[in-house]
Amino acid sequence: MDLKQLFARDEQPRQGFLAFEWLIMAYLVLTSILMTYYSFGHEMHLMPMLSVRLQTLAAIFLLKEIYALKPCRFTMFLRALAQMLLLGLWYPDTYELNRVLPNLDHVFAQWEQTLFGCQPALLFAQQYPQPLVSELVKMGYESYYVVMVVVMLYYLFKRFEDFDRMAFIMLGGFFLFYLVFIFLPVAGPQFYYCAVGVDQIAHGVFPNVGYYFENNTDCLPIPGWQDGLFHQLTIISHDAGERPTAAFPSSHVGVTTILLWLAWQARSRWLFFCLLPCAVLMFFGTFYIMAHYAIDAVAGVFVGTLYYFLLRYIYKKSR
C-alpha cells in the first residue's frame, strides 16, 4: 500500500468511541472501584493510580477528537497504539490489587509436580544452559512485542476494514487476562522459589507463603547464558515492570495465541507461519526463564483460544 493512503481520508469514518475504547473504559472503572474498596483495609497508592486512569480517559477522548478532525488510517492506528503502550501500566496494577489476597503458588507448584513429576521451570535451564538454547528461547520470549506490532501493521495496511475488530480482540485478551490475575494471586517460580528456597522446591516441598508477597518482591536471577543479547533484553524488560503476579495462565502465551488466530483469520498463511516459530519459542521461554510454571504456558494456549472466540463473538454481536 502507498504510504499516502495512510493519511488519506477514511471514506467511512467511525463515529464515537471504538469498541476497544469502550472495553478499556469499563476496565478502568471496574479496577478503580476495586482499588477504592481495597484501600480501606490495605496500604495502596490509590491517588496516583486513580490519577493515571483519569489521564487515560482524557487521552481516549483527545484521540477520538483527533481522529474526528482527520479520519484516516494513521489517526485510527494512534488510537490503538496509545492503548497498547499503556498496557505497561495496567500489568503492574494487577499486583497492587491481588497482593491483598493470600498467595496460591503452593497449589500451582503442587499441580505442576503432580502432572510432570518435577518442576520444569527449575530444571529446564539447568539441563540446557547452552548459549544457543538460552538465546533462542529468550529471543522467543522477547518476540512477544514484535509479534503484536507485526499483526497490528498487517491489519492496518492489508485488512483495514477489520482493524477495529483486531484491536478489540487483542486488547480485550489483555484485559481479560488482567482480570484473572487480579483475583488469582499466583506469583510464578522466580518469586515463589526465591521465597521458599530452591532446596525445598527440589525436594517437592511447597509451603503456603500466605501474604508474603504483599510486601516482598525479591526474585531469583534469570537463568541461562548470562552474556547473550537476548538475556540482557529479558533482564531489562523484567526490571521495567515485573511483579510477583500474573503467572497463571501465561498472558505471553495466551495473547500470542490470540495473535496467531488473528493472523490465520486474516487469510495470510505466510504471516501465520512466520509468527509460529516465535510462538513456539515463547511457549518454552516462559518457564525456561522461570517467569511461569509449565502449566501456565499450557493453560495460556487454551485460554487464549477461548478468549479469541469469545471476543470475536462479542464484537460481532455488538456491531
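The values are calculated or read from the model by the stated rules, or taken from the named source; none is laboratory data. As the structure is a prediction and not an experimental result, all values here were calculated from the model. So basically every Cβ, Gly included, is an ideal-geometry build from the backbone, and we count neighbours across all protein chains shown. With ligands, DNA and RNA removed, areas are computed over all heavy atoms of the protein, side chains included. Shrake-Rupley method; radii C 1.70, N 1.55, O 1.52, S 1.80 Å.
Take the residues in the range 1-29 that are part of a helix (DSSP H, G or I) and among the small types (G, A, S); name whichever of them is surrounded by the fewest Cβ atoms within 10 Å (Cβ to Cβ).
Applying the filter and picking the extreme gives A26.
Which one of these does L69 not meet: (1) modelled with pLDDT under 95; (2) open to solvent by less than 40 Å² (accessible area, probe 1.4 Å); (3) more than 23 Å from H252 (Cα to Cα)?
(2)
Is there any pair with a first residue in the range 3-15 that is within 12 Å of Y67 (Cα to Cα) and among the basic types (K, R) and a second that is part of a loop (DSSP other than H, G, I, E, B) and open to solvent by less than 100 Å² (accessible area, probe 1.4 Å) whose Cβ atoms are under 9 Å apart and which are 6 or more apart or on different chains, and what are they?
R9/K70; R9/P71; R14/P71
Take the range 177-205 and flag every residue that is among the β-branched types (V, I, T) and crowded, with 16+ Cβ neighbours inside 10 Å.
Across the range 177-205, the qualifying residues are V180, I182, V186, V196, I201.
Which of the residues spanning the range 30-51 are in a helix (DSSP H, G or I) and either at pLDDT below 85 or more than 20 Å from L86 (Cα to Cα) (or both)? Talk me through it step by step, then tell me what you get.
Of the range 30-51, the ones in a helix (DSSP H, G or I) are 30-38, 46-51.
Passing the criteria: T36, Y37, Y38, L46.
Suppose we keep only residues that are touching a Lys or Arg at 6+ places or on another chain (Cβ under 9 Å) and in a helix (DSSP H, G or I) within the range 233-253. Which one would you say is nearest to Y141 (Cα to Cα)?
That would be T234.
Give me the residue from the range 37-50 that is without any contact (Cβ under 8 Å) to a residue 12 or more places away in the chain and open to solvent by 50 Å² or more (accessible area, probe 1.4 Å) and, out of that set, nearest to F160 (Cα to Cα).
P48
Take the residues of the range 109-148 that are closer than 13 Å to F284 by Cβ and open to solvent by 50 Å² or more (accessible area, probe 1.4 Å): which is nearest to the chain's Cα centre (by Cα)?
The selected residue is M139.
Residues are listed down the side, and each one gets a yes or a no for (1) over 16 Å from the mean Cα position of the chain (by Cα); (2) surrounded by fewer than 20 Cβ atoms within 10 Å (Cβ to Cβ):
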site	(1), (2)
D227	yes, yes
H238	no, yes
S251	no, no
I258	no, no
A266	yes, yes
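Suppose we filter the range 78-108 for residues that are of a type outside the set (A, V, I, L, M), open to solvent by less than 20 Å² (accessible area, probe 1.4 Å) and assigned to a loop (DSSP other than H, G, I, E, B); how many remain?
Going through the range 78-108 one residue at a time, the tally reaches 1.
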